[in-house]
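A.B. asks: Take a look at this one; I'll ask things after.
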Amino acid sequence: MNVPIIDLGLELTDNDCVVLEGLARDLEAGAVAALPTETVFGLCASVAHPGALARIGRIKRRSADSPLAMFVRDLAAAAEWGYVPDWAERMLADLWPGPLTVVLRARRPETKFLGSEGTVGIRVPNHAVCLLVVGAMAAPLAATSANRSGSPPLATAEEVLAELGSEVDAIVRVPSRGTGRASTVVDLCGDGPVVLREGEIPARRIEAYLRGRV
């Protein structure tokens, strides 16, 4: 399998940063890469490249209109793409970067290529690789778990290579591994948070913000 493996250390060096900036340029040109996060590996492409987004669906063996989430660098960037309710700002400031994906009402028309109807799922991952790559790009990263649809999520580069092989353009390998548990998904489109999927962050912690106990 002739897939470029990008090996990085626990602490990113100046050379590592140059390599990841090069990967960011490749993603902007239409590449699809598997990136480590604090939870599971993500299958990522530029939000601004519809062809690459369609490739993600083919790689995962799922329909092209299945929704994709978005990785952004911080809360301010999230607010450029979705409407963040005032009551949710404290929760997001506390829990981002981290394993929390929130569903927001979409602010920009480009989100239609992510397969959602007027909403967008956004996350600020707590991983230096993802944050450096997305910070070097003009548009956010579209992301989903790096696995076949219906298969368990993958937490190591070796697992991604075995399952997805040469269908991805690059895999970033780091010495540490994620928790193996997906992010918690919370809908913020209504009057309070609604937990759609309990993951790394317990639902009770999210609900505590609604009750004002945090």
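The values are calculated or read from the model by the stated rules, or taken from the named source; none is laboratory data. Note that the coordinates shown come from a computational prediction; the quantities given were computed from them, not determined experimentally. Using ideal geometry, Cβ is built from the backbone for each residue, glycine included, and neighbour counts are taken over all protein chains shown.
A.B. asks: Would you mind finding the one in 208, 155 that is without any contact (Cβ under 8 Å) to a residue 40 or more places away in the chain and more than 18 Å from residue 74 (Cα to Cα)? Reasoning before the result, please.
C.D. replies: Working: 155 fails: without any contact (Cβ under 8 Å) to a residue 40 or more places away in the chain.
None of the other options fit; the residue is 208.
A.B. asks: Within the range 132-152, track down each residue that is in a loop (DSSP other than H, G, I, E, B) and surrounded by fewer than 19 Cβ atoms within 10 Å (Cβ to Cβ).
C.D. replies: Start the filter on the range 132-152 by keeping residues that are in a loop (DSSP other than H, G, I, E, B), which leaves 136-140, 146-152.
Hits for the range 132-152 are 136, 138, 139, 148, 149, 150, 151, 152.
A.B. asks: Are any residues in the range 183-210 crowded, with 19+ Cβ neighbours inside 10 Å, among the hydrophobic types (A, V, I, L, M, F, W, C) and farther than 13 Å from residue 91 by Cβ, and if so, which ones?
C.D. replies: 185 - this is the single residue of the range 183-210 that is crowded, with 19+ Cβ neighbours inside 10 Å, among the hydrophobic types (A, V, I, L, M, F, W, C) and farther than 13 Å from residue 91 by Cβ.
A.B. asks: I've got another one for you. Of all residues in the range 163-172, count the ones that are modelled with pLDDT of 95 or more and either part of a helix (DSSP H, G or I) or surrounded by fewer than 17 Cβ atoms within 10 Å (Cβ to Cβ) (or both). Outline the logic, then answer.
C.D. replies: The first filter runs over the range 163-172 and keeps only residues modelled with pLDDT of 95 or more, leaving 163-164, 167-172.
Checking which are either part of a helix (DSSP H, G or I) or surrounded by fewer than 17 Cβ atoms within 10 Å (Cβ to Cβ) (or both) leaves us with 163-164, 167.
Counting residues in the range 163-172 that are modelled with pLDDT of 95 or more and either part of a helix (DSSP H, G or I) or surrounded by fewer than 17 Cβ atoms within 10 Å (Cβ to Cβ) (or both) gives 3.
A.B. asks: Can you give me the number of residues within the range 24-45 that are closer than 30 Å to residue 201 by Cα and either among the hydrophobic types (A, V, I, L, M, F, W, C) or surrounded by fewer than 24 Cβ atoms within 10 Å (Cβ to Cβ) (or both)? Don't jump to the end; show me each part of the working.
C.D. replies: Going through the range 24-45, the residues closer than 30 Å to residue 201 by Cα turn out to be 24, 27, 32-45.
Next cut, either among the hydrophobic types (A, V, I, L, M, F, W, C) or surrounded by fewer than 24 Cβ atoms within 10 Å (Cβ to Cβ) (or both) only: 24, 27, 32-35, 38, 40-41, 43-45.
Qualifying residue count for the region: 12.
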